[in-house]
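Below: one structure, written as structure tokens.
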Amino acid sequence: MPKTPLRAALAVLLTLTALSTPSAYADDPAPVAVTVNARAALAAVPETGLGTNHAIWDSNLGTDATADLLKDAGMKLLRYPGGSYSDIYHWADHTAPGGYVAPDTDFDTFMRGVRRTGAQPMVTANYGTGTAEEAAAWVRHANVTKGYGVKYWEIGNENYGNGHYGAAWEADDHADKSPNEYARHVVAYADAMKAVDPTIKIGAVLTTPANWPDAIVAEGDSGTWNKVVLSAAGSKIDFVILHWYPGALDRTGHVPDMIQLTRDQIARYAGPGSERIGIAMTEFNTGSSSNGTNTQPGALAAADAYATLLANGVFTVDWWNVHNGIGAVTEVEGHTDYGDFGLLSSGGCTSDGSVCEPPLNTPFAPYYALQMMSKFARPGDRFVRAATDQPKVTAHAARRPNGDLAVMLINTSSDTSYPAAIGYSGFTPASGAPTVLTHTNGAQSITTSTTGSATAQTLPPLSLTTIVLRPTTQQAGRPGAPGQPTATGVTDTSATITWPAAAPGSRPIAKYEVHRQNGAVTEQLGETAGTSLTVHNLEPGTRYTLNVIARDSGGTQSWPSPPVTFTTGTPATSSCSVRLTVQSDWASGYVGAIDITNNGAPVNGWTLTFGWPRTWQSLGSGWSAVWTQEGSQVKAVNEPGNGALATGASTTIGFVGNYTGPNVLPSVFTLNGTVCTTR
């Protein structure tokens, strides 16, 4: 609670008189500093961003009541026929041998619900026990016979879970269960299905970075699942499929690297034109029954994850599931958590009948989180950077085409109501109280009010708060945003940024500015009257995200361009060179070999240093050198037998690296203080 002038005066008086009794307000939390930067644009909000899974074992699939609730939540994509059931489901006779199929859950019923919801469908074709011909017939029924216009088609579900890596939960009748066999069939499915309707989009299953069995190379394979699938089928697919059940409520910080590593793999392995390939998160849930799957902590984590995934360019995030059923029952933050991974109650009871869920279709807390997402970030909006200085409070922001700005604040504290002091860059809010949307712990709806101001809000414990702001200036006459920039000629210290020209507003465009995103703060790297600029003084081995802004002859700025992201390299020539090779990986750690080559004068004694790119990485052990780690910095000092390196000589050292999140490999190494060329 903010201090009033009277309280502040009292606090000063108590201090001046040196009273020993502490102030009653000494524990009031300091205001959370929220920074919103409208100059730092991220991804646009996609039409299909908010999604959920529908399953054929759910007897309420496609009912009007369910469809209307999903519409009210703003769902824009519905996935069918339901996870691993996809690989046993035969659409033509609506059967799933070995599984339960509820009445009135066939494909046409699903599509009726999709249309009532106002969403798009995502259909998973049966890879495990089906054929390309069966999938092509499904496309014909959907888009030729019925005219449904189903755009997105996945080939299989979690097909890496077919036993090839040891664990088997996904049906797979193919004798060969390797990623190469899956990729071969993806090509056959894509050819057969696009022969029926060339406009459809085909998706292939990938492993999610740092989630099993990502990075594992099975016996007989030429690489990881992702490398093999993308290399063999990349030219035939339009999007890739990730699933993520983080199992904890504090893993959103993994998302930028998770998505960037996936993009890097697509670019490296999928061949020419791979930039067309999108990323879909077709199953997501917090996966944290101990912390609450259907109570407020899980809901807050869901809103944070959806916003972060979409801001990083994922074109759909699909909750698991609409209805799922009762699980382990616990008490979480004063409310019963039914261990239910659904958005809506199934109305069921535990096996002994001692605990029952609320009535059928009662929304759980994550339902309101996704409903809040639909009010915060609407299709056509663009995410912009936002951050706070309080770990318990997360901020997201989105700019609307009419110039309005929405800010979503998530307070994960169980017992603290935080005052928030909100500052803006590149946006000036109009005066007056903004529209404020709030969802609190245990609430059965989102409330709307006009409270606080654009710069000051109070965030209740365990709450979602969205404020919608009008700009103080008119948008008419403003220059248009520059087009999508590209980065070329990237070296260790420079890159050339090129972009399509912005459309002028009421005055001619005078110049363009190139801004680097540094958290929620931007740093201008240069400006030019043209549409290309080479930026210098960059750091080696560093990921950069830049935006371009146009400024007209009267000084009015445009909205920023879409972002461009690139990573600088290391010096083209150096007195030393290093090659890091991953020898083996088990999805939580790896064996790395570092080849060190001396390209300069003879060396008698050496020290190699590098830094872990992420806080969730650490040194396990090492050999052929004396290894130490201090903070994030790792040092390897020669042993007595390998300290002398003549010109052109090499030595190899090794280590075990541990990780609990996306494994961004170290890329900048120094030998005796000199930055080496990384090969």
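Read-outs: derived from the displayed coordinates by stated rules, not from any lab. Keep in mind the model is a prediction, meaning the values are calculated, not measured. Don't worry about glycine lacking a Cβ; one is built from the backbone with ideal geometry, like all the others, and counts go over all protein chains shown.
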Structure shown: which of K76/K146; K151/K511; K71/K151 lie over 31 Å apart, alpha-carbon to alpha-carbon?
-> K151/K511
Length-normalised contact order for the chain - Cα pairs under 8 Å, 6+ apart - percent = 12 percent
For the peptides 666-679, 267-280, what is the packing order when you average, over each peptide's residues, the other Cβ atoms within 10 Å and list the highest mean first?
-> 666-679, 267-280
At a Cα cut-off below 29 Å, give the lysines reachable from K392, other chains included and same-chain residues fewer than 8 away excluded.
-> K3, K375
Average Cα contact separation per residue, the range 486-567, under 8 Å, 6 or more apart, as relative contact order % | 33 percent
Based on DSSP H runs of at least 4 residues, each adding -39500 (n - 2.57), what is the mean residue ellipticity at 222 nm of the chain after dividing by all its residues, to the nearest 500 deg cm²/dmol?
-> -5000 deg cm²/dmol
Alpha-carbon centroid distance for the pair the range 479-497 / the range 144-198, whole angstrom | 37 Å
To the nearest 20 debye, the chain has a Cα-centred charge dipole, built from +1 on Lys and Arg Cβ and -1 on Asp and Glu Cβ, of 2560 debye
Just report the Cα centroid separation between the range 612-655 and the range 78-115, whole Å.
-> 54 Å
Ranked highest first by average number of other Cβ atoms within 10 Å, how do 524-533, 555-564, 73-82 line up?
-> 73-82, 555-564, 524-533
Please work out whether the range 585-679 counts as rounded, prolate or oblate from its C-alpha gyration tensor, where a ≥ b ≥ c are the square roots of the eigenvalues and a/c under 1.5 means rounded, while otherwise a/b larger than b/c means prolate and anything else oblate?
-> prolate
For semi-axes √(5λ) of the Cα gyration tensor in Å, several values are listed as (i) 49, 31, 26; (ii) 50, 29, 23; (iii) 39, 37, 28; flag the one computed from this structure.
-> (iii)
Which of the peptides 355-362, 309-316 is most tightly packed, and how do the rest follow, judged by the mean count of other Cβ atoms within 10 Å per residue?
-> 309-316, 355-362
Check cross-link reach from K227 to the lysines: straight Cα distance under 23 Å, and skip same-chain residues fewer than eight apart.
-> K177, K201, K236
For the range 397-463 and the range 502-549, what is the separation of their Cα centres, given in Å?
-> 30 Å
